[in-house]
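Undergrad: Would you mind keeping the following structure in view while I ask a few things?
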Amino acid sequence: MKTDMLLQKLEEQLINLRQRCAPQALHATLSPRFDRHLFQTRSTLLQAYLEEAGENLTALRHAVEQQQLPQIAWLAEHLASQMEAISRETASWSLREWDSGSPALTRWQRKRIQHQQFERRLLEMTQERKALLARATRLDEQQKLHREVEAYEARLARCRHALEKIENVLARLTR
């Protein structure tokens, strides 16, 4: 019974972590974010690390069902380390230094990170306006918020288009 509560708590923490990481989950970096001993994935997307942590939680549940005590201890410790590392990475995203490379590569990498941050902020503002629109009762207020949502969505589309172009340039530079 106590083990079930601990597994439930780990699952809740992983869900909260996924929500906190959502804005930057699909943003890639030039080099891996974590040590190879901590994560097996070769991807630099935060989403891949979250998926691996989820797989380890599933493996932990299976080990608990099979009562494999050494494996339970290792998986629990490993999963806790993974979740802590992802949490630190999420908290320090804005402070992350750009990966070293050629001056042109570094410049494009900075542009990508800047546009990813623009995208994240625009997405947050769009969601905020949509929430306000859902609660708005007056017609003039609804119309104003609807125009703002449309404007933010257009800006978000332009930002994503620019981000796609930057990604293409980076792909060419890193071949």
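The values are calculated or read from the model by the stated rules, or taken from the named source; none is laboratory data. What you see is a predicted model; the values in this text were computed from it and never measured. Cβ sites come from the backbone with ideal geometry, for glycine too, and all protein chains shown count toward neighbours.
Undergrad: Determine if region 6-17 includes at least one residue that is under 25 Å from ARG112 (Cα atoms) and in the same structural domain as GLU84 (by TED's automatic domain parsing).
TA: For region 6-17, residues under 25 Å from ARG112 (Cα atoms) and in the same structural domain as GLU84 (by TED's automatic domain parsing): present.
Undergrad: I want to confirm something. Restricting to region 18-48 and keeping residues that are among the aliphatic types (A, V, I, L, M) and modelled with pLDDT under 85, which single residue is nearest to LEU170 (Cα to Cα)?
TA: So, considering only residues that are among the aliphatic types (A, V, I, L, M) and modelled with pLDDT under 85, the one nearest to LEU170 (Cα to Cα) is LEU30.
Undergrad: Can you name every residue in region 117-147 that is in contact with a Leu (Cβ under 7 Å, 6 or more places away or on another chain) and assigned to a helix (DSSP H, G or I)?
TA: Correct list: GLU119, LEU122, LEU123, THR126, ARG129, LEU132, LEU133, GLN142, LEU145, HIS146.
Undergrad: Continuing with this model, one more query. Give me the pairs: first residue in region 57-71 and among the basic types (Lys, Arg), second residue in a helix (DSSP H, G or I), beta-carbon distance under 8 Å, and six or more apart or on different chains, which are they?
TA: Within 8 Å, the pairs are ARG61/LEU7.
Undergrad: So if I check each of LEU26, LEU57, which one is among the hydrophobic types (A, V, I, L, M, F, W, C) and part of a helix (DSSP H, G or I)?
TA: Going through LEU26, LEU57 in turn, the sole match is LEU57.
Undergrad: Being under 20 Å from ALA157 (Cα atoms) and hydroxyl-bearing (Ser, Thr, Tyr) is the filter here, so list the residues in region 121-147 that pass it.
TA: THR126, the sole residue that qualifies.
Undergrad: Being touching a Phe, Trp or Tyr at 6+ places or on another chain (Cβ under 8 Å), at negative phi and either among the aliphatic types (A, V, I, L, M) or modelled with pLDDT of 90 or more (or both) narrows it down to one residue among LEU79, LEU122, LEU57, LEU105; which is it?
TA: Just a single option satisfies the conditions, and that option is LEU122.
Undergrad: Inside region 123-155, can you point out the residues that are aliphatic (A, V, I, L, M) and farther than 23 Å from THR44 by Cα?
TA: MET125, ALA131, LEU132, LEU133, ALA134, ALA136, LEU139, LEU145, VAL149, ALA151, ALA154
Undergrad: Something else about it: Among the numbered conditions (1) surrounded by 14 or more Cβ atoms within 10 Å (Cβ to Cβ); (2) free of Cβ contacts under 8 Å to residues at least 60 places away in the same chain; (3) not polar (S, T, N, Q), tell me where ARG135 comes up short.
TA: The number of the failed condition is (1).
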